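Read the structure below first, then the notes.
The numbers here are math on the coordinates, done by the rules we state, and not lab data. Please read all numbers here as calculations on a predicted model, not as lab measurements.
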Ligand SMILES: CC(C)(COP(=O)(O)OP(=O)(O)OC[C@H]1O[C@@H](n2cnc3c(N)ncnc32)[C@H](O)[C@@H]1OP(=O)(O)O)[C@@H](O)C(=O)NCCC(=O)NCCS
């Protein structure tokens, strides 16, 4: 018996054409380019691409419950210096300090620094200090997440974990300097201010002419606070 051919209604045919058109549009080189860029972006930045007319694909969102067990946070040890140095080097935006300075984090500043481990490797860190003259302020020197871990809340969790350490028991303010071009960094501190229900200000930090040579942007001073110290919350 000959198979009966299903007749396509005019409406169904219209829908099919529409779908094909959409598919063809997504596959234009320009849209494909947007898609690739969007995939490499932080989820929050993906929204910006979409706003700009790009076709960001919905990638697997980070699962907060699963991610809670993804990392192990611990104080750095001297032997972590090289791995921290590598994360800073790979970031491409942070000032890369001497290898010696990253050895010092584990050796002399471990109380106010943290590393995040995943599967035994270091994938993020925060370095900071609580100045003796400003015991209510945690100055965050550098914070970074490995590229593979961005957009999962790692940097935020590192700072929150830092605030709950004994060395931060009196801390009600966070200070950090950021360059105006580092938008992810600014977003991180804004998000922290929101989470901590605290104020957020940007003021004068280190002017460009304080740096030797040419080409260093001015650093603006970000201040988050006041907030309730984590230990007393
Ligand atoms: C800045 C940096 C540490 C953020 O790390 P991360 O682990 O991806 O950050 P989180 O996932 O914890 O995000 C924290 C907040 O910042 C936002 N954010 C982070 N990166 C962003 C980006 N590229 N675009 C838009 N928003 C971004 C997040 O959406 C989140 O806000 P939310 O809670 O409102 O959603 C990371 O991009 C990095 O290592 N950059 C290079 C080093 C650097 O610039 N360090 C900061 C200066 S010391």
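Whole Å is fine, so just give me how far the alpha carbon centre of the range 165-233 lies from that of the range 91-125. Centre-to-centre (Cα) distance: 18 Å. Remark: the Cα gyration tensor places the range 141-181 in the oblate category, a/c being 1.5 or greater and a/b not exceeding b/c. Taking one quarter of the surface of the C-alpha convex hull of the range 64-232 gives a mean projected area of 9.9 nm².
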